[in-house]
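Taking it in order: structure first as structure tokens, then the write-up.
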Amino acid sequence: MTADVSVTAGRASADRAVCVTGMAWTTALGNELGEVWQKLLSGCSGIRELPADAASTIGRAAGLGGGDFEGGELAAPPARRQVALAATTAGAALRDAGCEPVGIDLFVLGSSLGPHLDDAADTSPNDLTVLVGKELGLGQSPVSLSTACSSGADAILVAAALIRGGVVDRCLCGGIDLLSAAKQLGHSTLGTASPTTIRPFDTRRDGMMLGEGAGFLVLEARSAARDRGARVWGEVRGWGSSNDASGLTAPDTSGAGAVRAVRRAFAKAGVRAEDIAVINAHGTATKVNDDTEATCFAELFGGTGAEPVVFATKPAFGHTLGATGAIEAIALLLSLHHGVAPPLPQCEEIMPGFPLPLPTEGALPLTGATGFSLTLGFGGFNTCLVLERGTHEGRAT
């Protein structure tokens with residue numbers, strides 16, 4: 001595929017444009033959209049020492065504590081925590097949208113197998129998704145998917161595709177993952193966890209730090225949003241995915257797979273590289289991931305004159321695995337809404353050859369209304385979402 005994509009073929013009809021009318025997250029920095037956003041702008045991090053009694057093999061991570069998950073829910077077995085965290089966060093997204101559960105046509109949940117590897121009862125991830133739907137009072141059978149660290153983004157991709165295709169009008173979608181014993185053991189064994197701290201795109205980067213959380217969005221066709229006078233956070237303009245087919249736990253460092261996913265999203269959205277104001281990178285701070293993304297961005301933007309700002313949320317939230325694509329979509333929409341990219345203070349010595357601006361000295365202002373989020377998952381899954389700023393105070397028209 002070449003960089004010269006059509007700027008008109010992918011534009012949806014006005015009525016089938018995919019609007020974001022509700023969103024909510026639960027993160028290591030809290031669960032209120034505005035409060036957490038201000039903490040991101042301040043460069044705060046939710047990474048901390050794990051409780052001494054936790055079954056930890058990594059020492060530090062961005063675990064949840066307090067709030068709705070203090071006490072019983074936080075201490076509950078992983079399967080119960082998965083259902084409670086998803087239902088609480090998804091319910092908040094519905095309230096943000098001003099939408100009743102009966103108005104949702106489809107529920108799509110992504111997770112990197114959730115607590116499946118910790119569950120002696122061997123409950124399937126789909127069984128847990130069904131339980132979440134029942135707790136929320138959703139009437140339809142849900143869709144459950146797992147594409148590793150692209151799961152949350154792929155849940156949004158599936159929902160958006162079904163809405164634009166006219167299959168459904170309104171979806172609740174998102175991602176969730178837990179800081180379970182199996183996840184900690186797996187990543188410590190693979191050597192992906194940092195022994196120091198997480199520094200995306202820094203010369204000293206030596207790995208990621210795990211986190212847990214959830215992010216959910218309400219997507220609906222513009223016609224449906226307009227009919228009920230819904231407020232619009234933004235629009236999912238385009239999406240694209242690919243698979244490297246090169247390794248189970250490492251990306252193709254040529255960046256070809258990631259480039260392919262982004263160009264497919266550009267084509268679907270009807271945008272060019274020059275239209276992009278900001279990028280939410282996967283930014284895990286593993287050497288191979290950051291090298292892959294740097295190569296991808298150089299290929300996409302080299303010679304175009306475009307210099308979108310690149311930020312990453314994992315120093316703040318940790319790597320929330322199957323939730324990260326949904327949480328980062330919310331962060332990107334807030335970035336576009338407020339016209340600013342949050343800082344990346346952990347990056348003090350930018351890796352050689354990184355081709356685009358990074359907010360290392362503080363938050364950076366944006367000029368433009370469009371950005372994209374990129375996720376790179378184990379198994380070679382690459383997913384890109386192109387998002388456009390909405391009229392938060394306004395209504396769908």
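Here are some notes:
- Around residue 257: net Lys/Arg minus Asp/Glu count, Cβ-Cβ under 15 Å: -3
- Result for the chain in a Gaussian network model with C-alpha springs under 10 Å: among 326, 155, 256, the largest mean-square fluctuation is at 256.
- A straight chain from residue 298 to residue 203 at 0.36 nm per residue would run longer than the Cα-Cα distance by 32.5 nm.
- The portion of the accessible surface of region 268-331 made up by carbon and sulfur, rounded to a whole percent, is 44 (1.4 Å probe; DNA, RNA and ligands excluded).
- Calculated from backbone phi, Karplus (6.51, -1.76, 1.60) coupling profile of region 44-49 in Hz, x at Gly/Pro: 6, 10, x, 6, 8, 5
- Whole-Hz Karplus values for region 239-249 come out as 8, x, 9, 7, 9, 5, 6, 10, x, 7, 10 Hz, taken residue by residue from phi with 6.51 cos²θ - 1.76 cosθ + 1.60 and θ = phi - 60°; glycine and proline positions read x.
- Distance from region 76-103 to region 121-170 (C-alpha centre basis), Å: 12 Å
- Candidates 88, 27, 123, ranked by Gaussian network fluctuation over the chain, Cα under 10 Å, top entry: 123
- Value of Rg to Rh for region 321-397, rounded to two decimals, is 1.01; Kirkwood radius and Rg both from alpha-carbon coordinates.
- Prolate/oblate/rounded call for region 350-394, Cα gyration tensor, a/c under 1.5 rounded: oblate
- Listed residues 242, 13, 254, most fluctuating in the chain (Gaussian network, C-alpha, under 10 Å): 13
- Region 117-218 shape via C-alpha gyration tensor axes, a/c threshold 1.5: oblate
- Inter-part distance, region 182-214 to region 321-355, computed on C-alpha centroids, equals 17 Å.
- Volume in Å³ per residue [convex hull over Cα atoms, computed for region 248-397]: 116 Å³
- The GluC sites (Glu not before Pro) found in region 299-368 that occupy coil by DSSP, while having at most 12 further C-beta atoms within 10 Å, are 348, 349, 361.
- Enclosed volume per residue, in Å³, of the convex hull spanned by Cα atoms of the chain: 121 Å³
- Solvent exposure of the chain, expressed per residue, is 36 Å² of accessible area, with all protein chains present and a 1.4 angstrom probe.
- Residue 194 long-range amide H proximity, modeled H, under 5 Å: 208, 209
- Rounded to the nearest 20 debye, the dipole size of the chain about its Cα centre is 700 debye, using +1 on the Cβ of Lys and Arg and -1 on the Cβ of Asp and Glu.
- Dividing the convex hull volume of the alpha-carbon atoms in region 75-170 by its residue count gives 99 Å³ per residue.
- Candidates 246, 354, 333 compared by Cα position along the dipole of the chain: farthest toward the positive end lies 333, with charges placed on Cβ.
- For region 282-369: span of alpha carbons on each principal axis (Å, largest first): 31, 30, 23
- 3J(HN,Hα) from dihedral phi, region 377-385, Karplus parametrisation 6.51/-1.76/1.60, rounded to Hz, x for glycine, proline: x, 3, x, x, 6, 10, 9, 10, 10
- Around the amide H of residue 340, modelled in the peptide plane, lie the amide H atoms of 366, all under 5 Å away and 5 or more residues distant in sequence or on another chain.
The values are calculated or read from the model by the stated rules, or taken from the named source; none is laboratory data. Remember, predicted model here, so these are calculated numbers, not experimental data. Positions of Cβ are generated from backbone atoms using ideal geometry, with glycine treated the same way; all protein chains shown enter the neighbour counts. The area values use the complete protein model at the heavy-atom level, side chains included, leaving out ligands, DNA and RNA. Shrake-Rupley method; radii C 1.70, N 1.55, O 1.52, S 1.80 Å.
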